[in-house]
Each structure stands twice: as C-alpha cells, then as structure tokens.
Amino acid sequence: MTNKYIYFIANWKMFGGLNSLNSLHKVAKFFKNFEKNKYIKIIYCPPSTLIRPMSKKLKNTRIEVGAQNCHENQTSGAFTGSINAKMLKNVGAKYVIIGHSENREAGENNKLINLKIRSALKSGLKVIFCVGETLKEKRKKITKQVLNKQIKSGLDKIKNKNNILIAYEPVWSIGSGLIPKSNELFNIINFIKKKFKNYNVLYGGSVNSKNINELKFIDNIDGFLIGGSSQDPKKFIDIIKKTYN
Ligand code: PEP
C-alpha cells in the first residue's frame, strides 16, 4: 500500500465534546509533514454537534469533515430531532456515513438507506455507504448474497458513482477486536469490486495500530473506516504511519 490513494475515515460515533477538538492540531500537524500525505485522504466524522467547530478548526488543512447519518428528506419539515443532508452541508460537512450497522440495527432498512443516499448526493455530500453481514449470516455462509442485496438496493436509481465510497464493515467485527482473515477479506473486497465496478471499497471493523500491520497488505482495500481507535489522535496517527511502513 505504498503509492496508492488511501482513505482514513474517523467515525467518532456518539463520543466527544468541544474539548475533544483540542488535540486535532496533532493530527493536522502530522498530516502536513507526512511525506505520503498526497496519497492520503483523512475525513473526520464527529457527532453533528461538532461539525461546525471542527470544520473551523481544520479550515486550513486538507483534513475534511463528515457527518454520521442524515434524514432522507432533502427539504426541511416537521421531523423533530432530525437533520437533513443540506443542513449538514451548511455547517461544513463534505461527507456523510449512511447505512452504518448501528443504525441498521436500530431499524434502518435498505430502502430507507437508498433514500438517504440519494438525498445526500442531491445535497452535494459524498457518501460513505456501509454494508456488512452479521455473525449469523457469516455462519450461514450467505455473506455475498447479503452484500449483494444491501449494495444493489442502496444504489438503486443512482447513476453517478463518483461520490460514493463503499465501506465493507462486517457487523461481528465492529467494536469486537475481531477482523476477518486476510484471504477472506481480499475475496470479499474483490467480489464487491467485480460486481459493482468503479467504486472505492474501504474496510471497517476493529482496525487498530496492531492489526493494521496485517490489513495493509490486502492490496485491493482503498482505505479504512475507524471507530474506537480514531478518537485518540496518537492511535489514529499510528495507524496511518504503519500503513506506509
Ligand atoms: C465503525 O463504527 O464504523 C467501526 C469500524 O468501529 P470500530 O473501529 O470501533 O470497530
């Protein structure tokens, strides 16, 4: 993974307050001075409350900011507690994560996810589209069918592929410390790329500064979506450094 364009996307989930922005300068400084920085895209997806202040903090850097979800309606309306893609863009988001398994578990289905993706694209956001099988589905050996259905439905009626990144995140791997075997991961990423051509495909699920030494050799992966390890700038920087070591 030396001379390839790689994404490192930080998903802060429901963690962080204004004081968590204080250490961001460390990542910005590291990135500025890192010799490989022209091959890297760093995107932070904090809780919505931090999008504006984080965008301001990162203004003169190449680090971009994204959101973690959006409402499917492009226009404003009576949806208490919701935020749509236009509103996220208005406060500085360039990307939005859609289809994360934590939201699928909370009731989001493929149809809703498709509506959200379409709304986000229309509003001018790039989409980090998450897919992945549960442990039960893996055991039943239906991972590829599950992914095929999730991706096909999610991308229904979407013509412009340029602004979508697919993030393969096995549900059993998120937050568990477990990652797929290298050959299995290579095969799944290959399957997605063959079936859905011209998409960048990322891996997410328990990426940390140890297992990156293994993951970096899977050369069809276009980057990583990182949850737990992205909240600590030192761990996040370590992951990036080790990817290129
Ligand atoms: C995630 O939430 O997208 C994720 C990959 O989390 P973690 O790295 O903590 O498994």
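Miscellaneous remarks
- Single residue of segment 190-207 satisfying the filter (open to solvent by less than 10 Å² (accessible area, probe 1.4 Å) and not in a loop (DSSP other than H, G, I, E, B)) that is nearest to the ligand (Cβ to nearest atom): GLY204
- Matching residues in segment 116-148 - criterion: being in contact with a strand residue (DSSP E or B) (Cβ under 7 Å, 6 or more places away or on another chain) and open to solvent by 40 Å² or more (accessible area, probe 1.4 Å): LEU121, LYS126
- So ALA120, is it at pLDDT 95 or above, under 17 Å from LYS13 (Cα atoms) and of a type in the set (A, V, I, L, M): no
- Taken residue by residue, segment 152-161 has no member that is touching a residue at least 24 places away in the same chain (Cβ under 8 Å), within 24 Å of ASN211 (Cβ to Cβ) and not hydroxyl-bearing (Ser, Thr, Tyr).
- Count of segment 21-52 residues, restricted to those that are within 24 Å of GLU102 (Cβ to Cβ) and open to solvent by 30 Å² or more (accessible area, probe 1.4 Å), is 4.
- Whichever residue in segment 208-245 is open to solvent by 10 Å² or more (accessible area, probe 1.4 Å) and among the small types (Gly, Ala, Ser) and, among such residues, is farthest from the chain's Cα centre (by Cα): SER209
- When ILE151, ILE179, ILE113, ILE158 are checked against the criterion of being out of contact with any Leu (no Cβ under 6 Å at 6 or more places or on another chain), under 21 Å from LYS4 (Cβ atoms) and either open to solvent by 40 Å² or more (accessible area, probe 1.4 Å) or among the β-branched types (Val, Ile, Thr) (or both), a single residue qualifies: ILE179.
- Subset of segment 118-148 (residues that are of a type in the set (A, V, I, L, M, F, W, C) and part of a helix (DSSP H, G or I)): ALA120, LEU121, LEU135, VAL146, LEU147
- On the stretch given as segment 224-235, residues that are within 18 Å of LEU178 (Cα to Cα) and in contact (Cβ under 8 Å) with a residue 24 or more places away in the chain total 7.
- Residue, surrounded by the fewest Cβ atoms within 10 Å (Cβ to Cβ), within segment 66-103, restricted to residues that are in contact (Cβ under 8 Å) with a residue 60 or more places away in the chain and not hydroxyl-bearing (Ser, Thr, Tyr): GLU102
- Of all residues in segment 161-176 being within 9 Å of the ligand (Cβ to nearest atom) and part of a loop (DSSP other than H, G, I, E, B), the one that is most open to solvent (accessible area, probe 1.4 Å): GLY175
- Single match in TYR7, TYR39 (criterion: in contact with a Gly (Cβ under 6 Å, 6 or more places away or on another chain) and of a type in the set (Ser, Thr, Tyr)): TYR7
The values are calculated or read from the model by the stated rules, or taken from the named source; none is laboratory data. Because the structure is predicted, anything quoted here is derived from the model rather than measured. Cβ atoms come from the backbone with ideal geometry, glycine included; neighbour counts cover every protein chain shown. Side chains included, ligands, DNA and RNA excluded: accessible areas come from the protein's heavy atoms. Shrake-Rupley method; radii C 1.70, N 1.55, O 1.52, S 1.80 Å.
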